[in-house]
Amino acid sequence: MSRVAKAAMGIFAVTMISKIFGFARETILVYVHGAGAVTDAFITSMNIPTVIFSTIGSALATTFIPMYYTVQKEKGEKAASDFVSNVFNMIIVISLMLSVLGYIFSDELVKIFAMSYSGEKLQMASEFTRIMIWGMIFIGLSNIMTCLMNINSMFVVPSLTGIPFNIIIIAGIFLSAKADIRLMPLFTLIGMASQFVFQLPFAKKGGYTYRPYINIKDEYIKRTLYLVLPVFIGVGVNQLNTVVDKTLASTLGDGIVTVLNSASILNTFVIGVFISSIQSVIYPLMSKLSSEGNEKAVSGIIQKSVDTVTVLMIPIMVGIIVLSEPIVKIAFERGRFDSTATALTSSALAFYALGLPASGLRNILGNVFYSFGDTKTPMRNGMIAMIMNISMNLVFIRFMGHCGLAFATSVSSTICIITMFISLRKKIGDFGQKNIIKTALKSSIASAIMGVFVYFTYKYTQNSFPNSTRWELLRLMISVSIGILVYTIIVHRMKINEVENLLDLVKGKLSNILSKLKKH
């Protein structure tokens, strides 16, 4: 596990930088265009190619890694390289066909994703969609390229792609305000292409050679398609949840789609930084160990990965709930994003945060099943979560408005992760679940105590600093620092193994830095 932890920590900093650029993109978007019709139309249009082809691309990417190892083991390196080219070319053909259809039926697509749009807002969203729909080609190719990077242990490269992607979109946002509004979706399309192009030189360096080769009768393609269908359904129902949330949000008035999106961005920032860093490392490793039949080693990785996610996500969940308003205020409240938008976004963020631990664990456990070649269990769990999410959306939105949509997402994620743990226990037997429960309980107690300290620290400093964004940031940093210190002391006293491992890793990194400084 130390190798996994070191690799995860190695890409953590890069992922953090990339996500900060993503934050900057969202902040600049609402600063320039506010929480209104233009931003709603852009977010909806940007979601369309992402949702459509991310479903296909993510499903292929999930089955791609274990199948690649199978081809490599059974037929050798050349056959594995041909398998990659075959998948690449099929994605190009499929995405081109879908892009053409999306271009022709852009109005209908927008109505599916935001049923209340009409008039000028519908026309603008449709026009944006006709530009960005071609991004599906690059989204699919980028997903497979990322898998290829992970197979070759180039974990940092995919994490870097978000930097040029977000910089290009930011440039488009600024230019759209001064010139043509269509520059915003056009630059977004260029940004989507950059994620794929950025990884190409590294793929060649890793030994991959592209071939214009398509063989739909290839036995490994058939096996991949057999495995990918349940994954496609499983990923698809997750994306359908997003579509339903945004569609229902669009009925609540202008700006609500933007508000929910802003809250969701803040929430997924955490998952993107912490969970993706762990997930991108352990999935290829679990796939390889599973193909070798080493289930004992896989069980050990499962327990330690779940423990790591738990001790990270539970305190972050509590911290976000307690500090949701200042977080949103610092992140977004400027320009045309006013205090009303901050209040609406912070309330949604608190309800989204309730599902953070479950969302993080869901990504990890889903990959556990995929590494064993079981694509049906995550599909079934995803369908259960979708049905519950949609049902609760329709109920909660009546009483809680846009917060009901966020709350339904969190509750359905939590129920889904419980059923996945039960399914995993049936599949592989004991994987250290008793220790996992103990770790979760200890982390919950420590987080609750931490939350009290954070709350009173923030309240105590309220009258000690001037009322400005700069001082608000200082108050937030002080509160977060106190929270981290309190939580670390408590869990250290409780002797949670994964915390001890993380602390040792940080100490080792600091020792290396200090020794290098002394040499100079």
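Checked against the criterion of being out of contact with any helix residue (DSSP H, G or I) (no Cβ under 7 Å at 6 or more places or on another chain) and in a helix (DSSP H, G or I), the candidates PRO185, PRO158, PRO201, PRO164 yield just one match: PRO201. Taking residues in segment 342-356 that are modelled with pLDDT of 90 or more and buried (at least 24 other Cβ atoms within 10 Å of the Cβ), and partners anywhere that are among the β-branched types (Val, Ile, Thr) and not in a helix (DSSP H, G or I), not one pair has Cβ atoms closer than 8 Å while being at least 6 places apart or on different chains. When restricted to residues that are buried (at least 19 other Cβ atoms within 10 Å of the Cβ), hydrophobic (A, V, I, L, M, F, W, C) and within 23 Å of LEU252 (Cα to Cα), segment 105-132 contains 7.
Inside segment 78-113, can you point out the residues that are over 19 Å from ILE216 (Cα atoms) and touching a residue at least 24 places away in the same chain (Cβ under 8 Å)? Don't jump to the end; show me each part of the working.
Keep residues of segment 78-113 that are over 19 Å from ILE216 (Cα atoms), which gives 99-113.
If the condition is that a residue be over 19 Å from ILE216 (Cα atoms) and touching a residue at least 24 places away in the same chain (Cβ under 8 Å), then SER99, GLY102, TYR103, SER106, LEU109, VAL110, ILE112, PHE113 are the ones that fit.
With respect to the conditions (1) under 18 Å from GLU325 (Cβ atoms); (2) assigned to a helix (DSSP H, G or I), ILE490 lacks only one, and its number is (1). When segment 240-294 is filtered for residues that are at pLDDT below 65 and of a type in the set (Asp, Glu), only GLU292 remains.
Does SER54 count as modelled with pLDDT of 85 or more, among the small types (Gly, Ala, Ser), assigned to a helix (DSSP H, G or I) and at negative phi? Give the steps one after another, and end with the answer.
Numbers: modelled with pLDDT of 85 or more: no; among the small types (Gly, Ala, Ser): yes; assigned to a helix (DSSP H, G or I): yes; at negative phi: yes.
No: the conditions fail for SER54.
For the structure I just gave you, tell me whether PHE456 is surrounded by fewer than 22 Cβ atoms within 10 Å (Cβ to Cβ), under 30 Å from THR251 (Cα atoms), more than 26 Å from the chain's Cα centre (by Cα) and free of Cβ contacts under 8 Å to residues at least 40 places away in the same chain. For PHE456, the condition - surrounded by fewer than 22 Cβ atoms within 10 Å (Cβ to Cβ), under 30 Å from THR251 (Cα atoms), more than 26 Å from the chain's Cα centre (by Cα) and free of Cβ contacts under 8 Å to residues at least 40 places away in the same chain - is not met.
Entry remark, segment 324-345: residues being within 14 Å of MET400 (Cα to Cα) and either in contact with a Ser or Thr (Cβ under 6 Å, 6 or more places away or on another chain) or not in a helix (DSSP H, G or I) (or both) number 1 in total. Restricting attention to segment 371-397, the residues being buried (at least 24 other Cβ atoms within 10 Å of the Cβ) and either without any contact (Cβ under 8 Å) to a residue 60 or more places away in the chain or touching a Pro at 6+ places or on another chain (Cβ under 7 Å) (or both) number 1. Within segment 227-235, none of the residues are within 16 Å of ASN47 (Cβ to Cβ), at pLDDT 75 or above and not hydroxyl-bearing (Ser, Thr, Tyr). Across segment 133-164, the number of residues qualifying as modelled with pLDDT of 90 or more and surrounded by 24 or more Cβ atoms within 10 Å (Cβ to Cβ) comes to 1.
For segment 346-388, enumerate the residues that are outside any helix (DSSP H, G or I) and within 25 Å of THR63 (Cα to Cα). Don't jump to the end; show me each part of the working.
Taking segment 346-388 as the starting set, the residues that turn out to be outside any helix (DSSP H, G or I) are 354-355, 372-375.
Result: PHE372, GLY373, ASP374, THR375.
In segment 24-51, of all residues being small (Gly, Ala, Ser) and under 20 Å from the mean Cα position of the chain (by Cα), the one that is modelled with the highest pLDDT corresponds to SER45. If I ask for residues that are closer than 15 Å to ILE43 by Cβ and either modelled with pLDDT of 90 or more or in contact with a Pro (Cβ under 9 Å, 6 or more places away or on another chain) (or both), which ones from segment 171-186 would you list? Selection gives GLY172, ILE173, SER176, MET184, PRO185. Among the candidates ILE137, ILE190, ILE181, the residue that is in contact with a Leu (Cβ under 8 Å, 6 or more places away or on another chain) and among the β-branched types (Val, Ile, Thr) is uniquely ILE137. Annotation for segment 134-143: no member residue is in contact (Cβ under 8 Å) with a residue 60 or more places away in the chain, more than 13 Å from MET192 (Cα to Cα) and part of a helix (DSSP H, G or I).
This table checks each residue for (1) closer than 19 Å to GLY319 by Cα; (2) in a helix (DSSP H, G or I).
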residue: THR419; (1), (2): no, yes
residue: SER423; (1), (2): no, yes
residue: ASP430; (1), (2): no, no
residue: LYS459; (1), (2): yes, yes
residue: GLN462; (1), (2): yes, no
residue: MET477; (1), (2): yes, yes
residue: VAL480; (1), (2): yes, yes
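Scanning segment 409-427 for residues that are surrounded by 14 or more Cβ atoms within 10 Å (Cβ to Cβ), over 30 Å from LEU248 (Cα atoms) and aliphatic (A, V, I, L, M) turns up just one, LEU424.
Of the residues that sit in segment 177-194 and are in contact (Cβ under 8 Å) with a residue 60 or more places away in the chain and out of contact with any Phe, Trp or Tyr (no Cβ under 7 Å at 6 or more places or on another chain), which one is surrounded by the most Cβ atoms within 10 Å (Cβ to Cβ)?
First, pick out the residues of segment 177-194 that are in contact (Cβ under 8 Å) with a residue 60 or more places away in the chain: 177, 181, 184-185, 188, 192.
Narrowing further to those that are out of contact with any Phe, Trp or Tyr (no Cβ under 7 Å at 6 or more places or on another chain): 177, 181, 188.
Numbers: ALA177: 15, ILE181: 16, THR188: 24.
My answer is THR188.
The number of residues in segment 19-41 being surrounded by fewer than 24 Cβ atoms within 10 Å (Cβ to Cβ) and closer than 15 Å to THR247 by Cα comes to 1.
The values are calculated or read from the model by the stated rules, or taken from the named source; none is laboratory data. Quick caveat, the model's predicted, so the values are computed rather than measured. We place every Cβ from the backbone using ideal geometry, glycine too, and count neighbours over all the protein chains shown.
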